[in-house]
Every structure is written in structure tokens, then in C-alpha cells.
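Enquirer: I am attaching a structure below and will ask some questions about it afterwards.
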Protein chains: 2
Amino acid sequence: MVNQQFTFAVHIMTALAFSPGEVIGSQTLAASVNTNPVVVRRLLLALRRARLIETFTGKHGGARLRKKPREISLVDIYDAVEPRPVIPVNERKALKKCHVSCNMKSIMSRVAESTEEAVRKHLRGITLAQLVRKVRSR
Amino acid sequence: MVNQQFTFAVHIMTALAFSPGEVIGSQTLAASVNTNPVVVRRLLLALRRARLIETFTGKHGGARLRKKPREISLVDIYDAVEPRPVIPVNERKALKKCHVSCNMKSIMSRVAESTEEAVRKHLRGITLAQLVRKVRSR
DNA sequence: TCAAACTGTAATTAAAACCATTACATTTAA
DNA sequence: TTAAATGTAATGGTTTTAATTACAGTTTGA
């Protein structure tokens, strides 16, 4: 299985955006995502670090958006949860006598970086507001 | 992250492109990538299925490109090895009473698909010939 | 003031993904 | 006919990921 943190985080943020201003607990969010509340809380911490949400402890605690859904794009969430790069670079040491081997790491690094940028650029164009609109239109 | 199969496959293809027309064995390729010959052979099978290379069994066997490096782009290799999608969709069943939960799967599917397309579009712009040129220019 | 309902966080377990490795049948060249 | 390859199945070990348990700290409100 691949890392679902980004997927989970988008779900959580969409749920928060769907009920503007409301404070929602990790229990409720976990039920919506169908995962464990602790998993949700860890993601909420990451989203809070990125200043996308604020959280409240104690009874009636939970999380709430800090910005408007149209001001939050998926790249904000992507950066908040810091998923592994789309293309991993082979970190093993090169075969000295092989010209290709000696240069692949730096070459693949550039490919990986530019691909990452392409993904981020794409995600930048999708806002939470758009996702919420899709939820509502069904 | 996508697994290293794509990274390994690009390395292998670059090595083949670096020695045009030459048949190179899995042993040699594995040494360049710094992995096991069996791992390489499995990738070679995938690349062959995609008709990017041809392989030869028996003594002096190995692999060779079937097209010119400038006619092979990284998306061809990407498609050949079929890595897991960049964004995985949460396949768990939705919480019936939650409107967001019920719609997230189809919404995230579209996000995942379009992101995949963004990656493929980017990779389509990078050819093996370009990578080989970079190897040579060092 | 105390119990209930939360969050924050560490530690552990379980499952999945990934790659390496072994083994061997088959093919080919010399 | 032997040596050197590929093709491919099976197995094992490591790493990654998510689930779970546990509990201290915070807040609300009866």
C-alpha cells in the first residue's frame, strides 16, 4: 500500500470545509475517513503546523479551518503532510568504472525535482472550495 | 512515493541508450544500477512487453533498444513499468450518513487521475536522448 | 470540585510493499 | 557438450505504513 496521508488529509480538510466555522472532533473525522482517531489527530497536527487549521483541546475540542476554502489549495495540504517524493532517487553508490552509473544520481535528481514541481503546480490549481462544491452538487 | 522500479528502469534504459546497438546482459546492468540481476531481468521483461527493447536468451544474451533514444520518452518507461499511482485513492467503504464520506472516493479519483496525467505529460517531455546527452557532457 | 469528553503523543503491533536472493529449467554460442 | 545467458517461481528480510493501546494534560459544565 502506498502512503495515504495526503488522501486522508484532503478528506479531513474537505469535511472541515463542508461545515464552515464548526469545530469537529477527531472521532467524527475518523468515522468519515474510516480510520482511527489517532491517525486523524496526527494529520491534524501536521495541518496545524502548516497553519491551515486550529485545534482545541478539552471537552468539545476538535479542529476548524483557519482560512476560507477558496484560499486553500491541495498543494497547501500536500506540503503540510510532506509525502515522500513522487520519484525516489536511487541513493546507492555508483559503480566507479561506469560512466552512466556515476551520473545517474544527479540526472535522476533533476527528473525527480521537476516532476515534483509538475505535481505541485497541478495541485495548486485545485481548491478546497471546488471539492466542497462537488460534494454539495450530489 | 512510487517504488524504485521506474528509477531503475530509467537507469537501465539510459545505459542501453548509451551503447547504441550493443546487447548488454542483466549482470552488467545490475552492476551499474547496483542491484540484483533478477531485479533487472524482471524490469527488462516489462520493457520488452512495451516493445521498447528486445532481449536475447542464451550465451551472449541480453537486451538492446528497439528504437532510437530520441524516440523514447520517460512516459514510455513509466507506462512500461506501471508504477502505483502517485495519489492512492482511499478504497474503504464510506460512512453512509456522511455526505462528505460518501462522495470523497469519486472526487479523489478525479484528483488522482488528473495528477497522474500531469506527471505523464511532464515525463513525455523528457527523452532518453536528452539523458544520454547529459551523461556524455561530464 | 469532579467527572466526562476531548487532544497530544509515545509505544507497540500488524499488515503490506518492496527488493534481494536462491534455485532451476531453458536457450544459445562456440 | 559445456558455459553463459535469460525466464520465472518461490522465499525471506527489511522497511514503511496504519491501527491500536495507553495515558497525561486540558477544558467544560453539572
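Enquirer: Could you identify the single residue in B:ILE72, B:ILE107 that is among the hydrophobic types (A, V, I, L, M, F, W, C), facing another protein chain (nearest Cβ under 7 Å) and in contact with a Leu (Cβ under 8 Å, 6 or more places away or on another chain)? Show your work before the answer.
Expert: Values: B:ILE72 fails: facing another protein chain (nearest Cβ under 7 Å).
Going through B:ILE72, B:ILE107 in turn, just one is among the hydrophobic types (A, V, I, L, M, F, W, C), facing another protein chain (nearest Cβ under 7 Å) and in contact with a Leu (Cβ under 8 Å, 6 or more places away or on another chain): B:ILE107.
Enquirer: What single numbered condition from (1) assigned to a helix (DSSP H, G or I); (2) closer than 22 Å to A:MET13 by Cα fails to hold for B:GLU117?
Expert: Of everything listed in (1) assigned to a helix (DSSP H, G or I); (2) closer than 22 Å to A:MET13 by Cα, B:GLU117 misses just condition (2).
Enquirer: To continue, here is another question. Among the listed residues B:LYS93, B:LYS67, identify the single one that is closer than 30 Å to B:GLN27 by Cβ and over 13 Å from the mean Cα position of the chain (by Cα). Quick ask: steps written out before the conclusion?
Expert: On the way: B:LYS93 fails: closer than 30 Å to B:GLN27 by Cβ.
Unique residue meeting the criteria: B:LYS67.
Enquirer: Considering only segment A:75-93, how many residues are away from DNA strand D (no atom under 13 Å from the Cβ), more than 7 Å from every other protein chain (Cβ to nearest Cβ) and touching a helix residue (DSSP H, G or I) at 6+ places or on another chain (Cβ under 7 Å)?
Expert: Residues flagged as away from DNA strand D (no atom under 13 Å from the Cβ), more than 7 Å from every other protein chain (Cβ to nearest Cβ) and touching a helix residue (DSSP H, G or I) at 6+ places or on another chain (Cβ under 7 Å) within segment A:75-93 amount to 4.
Enquirer: Going residue by residue through segment A:17-31, is there one that turns out to be more than 12 Å from DNA strand D (Cβ to nearest atom), under 20 Å from the mean Cα position of the chain (by Cα) and of a type in the set (Ser, Thr, Tyr)?
Expert: Looking for residues that are more than 12 Å from DNA strand D (Cβ to nearest atom), under 20 Å from the mean Cα position of the chain (by Cα) and of a type in the set (Ser, Thr, Tyr), one finds at least one in segment A:17-31, hence yes.
Enquirer: Could I ask something else about it? Going by what's in this entry, would B:THR57 be described as more than 21 Å from A:SER101 (Cα to Cα), without any contact (Cβ under 8 Å) to a residue 40 or more places away in the chain, surrounded by fewer than 22 Cβ atoms within 10 Å (Cβ to Cβ) and within 9 Å of DNA strand D (Cβ to nearest atom)?
Expert: Numbers: more than 21 Å from A:SER101 (Cα to Cα): yes; without any contact (Cβ under 8 Å) to a residue 40 or more places away in the chain: yes; surrounded by fewer than 22 Cβ atoms within 10 Å (Cβ to Cβ): yes; within 9 Å of DNA strand D (Cβ to nearest atom): yes.
Taking the combined requirement at face value, the residue satisfies it.
Enquirer: Does segment B:13-49 hold any residues that are in contact with a strand residue (DSSP E or B) (Cβ under 8 Å, 6 or more places away or on another chain), within 12 Å of chain A (Cβ to nearest Cβ) and within 21 Å of B:SER73 (Cα to Cα), and which are they?
Expert: Result: B:MET13, B:ALA15, B:LEU16, B:ALA17, B:ILE24, B:LEU29.
Enquirer: Same structure again: For A:VAL86, indicate whether it is surrounded by 14 or more Cβ atoms within 10 Å (Cβ to Cβ), within 21 Å of B:MET108 (Cα to Cα) and touching a Ser or Thr at 6+ places or on another chain (Cβ under 6 Å). Please lay out each step first, then the result.
Expert: On the way: surrounded by 14 or more Cβ atoms within 10 Å (Cβ to Cβ): yes; within 21 Å of B:MET108 (Cα to Cα): yes; touching a Ser or Thr at 6+ places or on another chain (Cβ under 6 Å): yes.
Yes; evaluated as a whole, the condition is true for this residue.
Only the coordinates and a few stated rules stand behind these numbers; no lab work does. Quantities reported herein were computed from a predicted structural model and do not represent experimental measurements. FYI the Cβ positions are ideal-geometry reconstructions off the backbone, even for glycines, and counts take in every protein chain you see.
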